[in-house]
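Asker: This is the structure I have questions about; it appears just below.
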Amino acid sequence: MKTRVFPGRYESLAEIAEFVTTEAQNAGLNHQESFELETAVDEAVSNIIEHAYGGEGIGEIKCHCLIEDEGIRVILEDYGQPFDPSCIPTPDIKAQLKDRKNHGLGFFLMCQLMDEIKFEFYHDHNRLTMFKRKKES
Amino acid sequence: MEISTSQFKRCDVVKITGRLDSATSPKLAEELARINNKGRFKIVMDFTQLEFISSAGLRVLIATLKNCKRYNRGELVLAGLPAPILSVFDLAGFTSIFKIYDDVLTAVGTF
């Protein structure tokens with residue numbers, strides 16, 4: 001398992017993406033699968049900064065990548081407020097333009113793009129575990 | 001992320017190179033607002049060099065599309081989306097609300 005710690009700032013997103021996609025390629029994910037993982041992780045990290053920490057520069061984000069036989073597991077840990085985005089209403093992606101809501105899309109994309117998502121809240125930190133399966137070769 | 005804009009007679013072309021995420025989307029929002037504030041509402045987004053887009057970027061596009069279409073004064077259209085990004089647009093239900101073209105020239109020609 002590889003672990004890196006990033007400052008909780010939006011500027012970290014590109015670096016986190018590079019770390020995760022490199023590990024995804026090492027795990028044998030194809031380009032599309034790796035891109036989907038990158039999208040889900042970006043949304044998750046953005047949520048942590050915005051909602052768990054309530055802004056940039058407040059706390060760190062620990063990112064673990066674990067390569068498994070069937071794919072890759074990414075674990076994100078933060079030390080902010082517990083935030084469970086699953087309580088956000090699902091956006092209506094068939095709505096007409098005038099009825100489109102501006103929020104809720106990030107969590108929806110995470111759920112669509114990942115094979116497993118699990119939130120855990122402890123007294124001193126929060127943990128989000130996401131698994132992306134690779135296609136059978 | 002880099003933004004370059006070109007003003008044509010009938011529309012503006014905004015080219016994005018790099019990542020459109022929570023860090024860079026505010027810059028795009030500013031640039032699109034600057035164009036709208038000049039009274040220009042026909043915009044082509046050139047995404048041929050776009051490497052990544054998150055929901056933060058999608059929100060800017062939706063807000064700008066709504067603003068451009070108000071009073072029937074214009075439209076924001078998309079061109080040259082790389083395949084993985086097009087698949088995210090599809091998942092988010094964006095392919096039904098944006099006009100999407102294969103290349104910039106075709107998109108410019110629609111105005």
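Bear in mind that the values in this text are calculations on the coordinates, not laboratory data. On a predicted model such as this, the values are computed, not experimentally measured, just so you know.
Asker: Which percent, to the nearest 5, of DSSP beta bridges fully inside chain B are antiparallel?
Answerer: On the way: 6 of 21 bridges.
So the antiparallel bridges in chain B amount to around 30 percent.
Asker: Under the rule of at least 5 residues apart or a separate chain, name every residue whose amide H is placed under 5 Å from the amide H of B:Glu51.
Answerer: Excluding prolines and chain starts, which carry no amide H, the hits are B:Gly18, B:Arg19, B:Leu20.
Asker: Nearest 5 percent is fine: what portion of the DSSP beta bridges confined to the protein assembly as shown is antiparallel?
Answerer: 70 percent
Asker: Based on the Kirkwood radius over alpha-carbon pairs, what is the Stokes-Einstein translational diffusion coefficient of the stretch B:1-51 at 4 °C with 1.567 mPa s viscosity, in µm²/s? Write down the numbers at each step before the final one.
Answerer: Numbers: Rh = 11.2 Å.
The calculation lands on 116 µm²/s.
Asker: Which aspartates and glutamates, if any, have their Cα less than 17 Å from the Cα of A:Lys132, not counting same-chain residues under 8 positions apart?
Answerer: Reachable aspartates and glutamates: A:Glu18, A:Glu23, A:Glu33, A:Glu36, A:Glu38, A:Asp42, A:Glu43, A:Glu68, A:Asp69, A:Glu70, A:Asp115, A:Glu116.
Asker: Next question. Length gain on complete extension for the stretch A:Thr22 to A:Arg133, per 0.36 nm per residue less the alpha carbon to alpha carbon distance? Please list the in-between numbers first.
Answerer: On the way: separation 111, 0.36 × 111 = 39.96 nm, distance 1.55 nm.
Extra length from A:Thr22 to A:Arg133 when fully extended: 38.4 nm.
Asker: Summing -39500 (n - 2.57) over the DSSP H runs of n ≥ 4 in the protein assembly as shown and dividing by its residue number, what mean residue ellipticity at 222 nm do you reach, to the nearest 500 deg cm²/dmol?
Answerer: -10500 deg cm²/dmol
Asker: Using Cα positions and a limit of under 15 Å, work out the aspartates and glutamates in reach of B:Lys99, with same-chain residues fewer than 8 apart set aside.
Answerer: Leaving aside aspartates and glutamates fewer than 8 places away in the same chain, those within reach of B:Lys99 are B:Asp46, B:Glu75, B:Asp90.
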